[in-house]
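Data block below; observations after.
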Amino acid sequence: SITNGFSTGYLDLLYITAIILAVKTIMSVNPIVSILFLIALFVNMASLLIFVGYNFIGLSYLLVYVGAIAILFLFIIMLINIRISEITHNT
């Protein structure tokens, strides 16, 4: 079957978690928290791929997206040094 032996309830839980994490990534005001939600979304989607049976694609998803792109985003945003007062101030 498509679930690789797992119950479909686990996959439904991963789908709902992915939607919640995607909305939190978009709606977050703080860019560092938004990147952390994005990393959690990537890990969630990689675990979904592994549960379905695409092990290589799931592990490469973790390696490429979480290991390289998301950490690069996090490094650049922390390098810019955005202050909390600049985020909350409406200019």
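Coordinate-derived values only; no laboratory data. Since the model is a prediction, treat every value here as computed from it, not as a measurement. Cβ placement follows ideal geometry from the backbone for every residue including glycine, while neighbour counts extend to all protein chains displayed.
Points to keep in mind about this one:
- Here the label points at Ile20 and Val64, each 7 Å from Cα along the C-beta direction, are separated by 2.9 nm in the simple model.
- Translational diffusion coefficient of region 8-88 (Stokes-Einstein, Kirkwood radius from Cα pairs, 25 °C, 0.890 mPa s): 181 µm²/s.
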